[in-house]
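What follows is a single structure, written as structure tokens, with notes after it.
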Amino acid sequence: MKKQILTALLALTVPTAASAATMTLGTIDDGSVRTFGGAVVDTVDTSVSVAQSGGNITNGVFEFNLAAIDDTATINSVSFQWTNSRFVSNTGALAAVDLFAYLGDGTVSIADYDAAGDQVADTSVAKGGSGGDVTTIAFTDLGMVTTALLGDLLSVRFETDSFASFRVASLENSTWDAARLVVDYTPAPVTAVPLPASGLLLLGALGGVAGLRRRKKA
């Protein structure tokens, strides 16, 4: 009985280590933005366009809500995942993928075209493929995601160059899934609240009762 009481007391005061978890978050808003020939924001197309052709640059913007992840969690890894709604076009064998992350506001606007943020991916993918192909790009910098936990909203901007062109399935697409963010994280350790004095006295009394029962049996 004493051992059981001691175990109970320790459980109330020792931090409990949390296990890592993985969460897939769907975008809450997405769209294409460009400034060439005037400001254009398209959030109703079934695809988000990402393209570069000289000065005609179209960037894709994706908004995510991180509220389901605790503000004090440790972010272990983040990946941006999208489904192509057509082939990837480029003049060369590879098409550039540049991802930027910054604090979001839940909606896509022209301000997202060049909003300041952290570059979280600088890589490339093979041109070609077809609609339905899924691509996953890992973030190389997790700092902005950790910062965004406090306000819950994160924006991811998808850019390209070298005359590349992407068409990414959007929220309005009924054939393929919209972009998502795959977040691996570890919740902060949880420390149980110690029992008040009355609770400790109760545990002590239980221990005393157990001792009396053993003496009576003897």
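List of remarks:
- Three-way shape call for the range 30-144 based on the alpha-carbon gyration tensor, with the a/c threshold at 1.5: oblate
- Between Leu154, Gly128, Gly38, the Cα set farthest toward the positive side of the dipole of the range 22-186 (charges on each charged residue's Cβ, about the Cα centre) is that of Gly128.
- Residues Phe166, Phe87, Phe100, arranged from fewest to most other Cβ atoms within 10 angstrom of their Cβ, appear as Phe87, Phe100, Phe166.
- Dipole size of the range 22-186 about its Cα centre, with +1 on Lys/Arg Cβ and -1 on Asp/Glu Cβ: approximately 560 debye, rounded to the nearest 20.
Taken together, the values in this text are just the output of simple stated rules run on the coordinates, not laboratory data. All of these numbers come straight from a predicted model, not from anything done at the bench. Neighbour counts run over all protein chains shown; Cβ positions are idealised from the backbone, glycine included.
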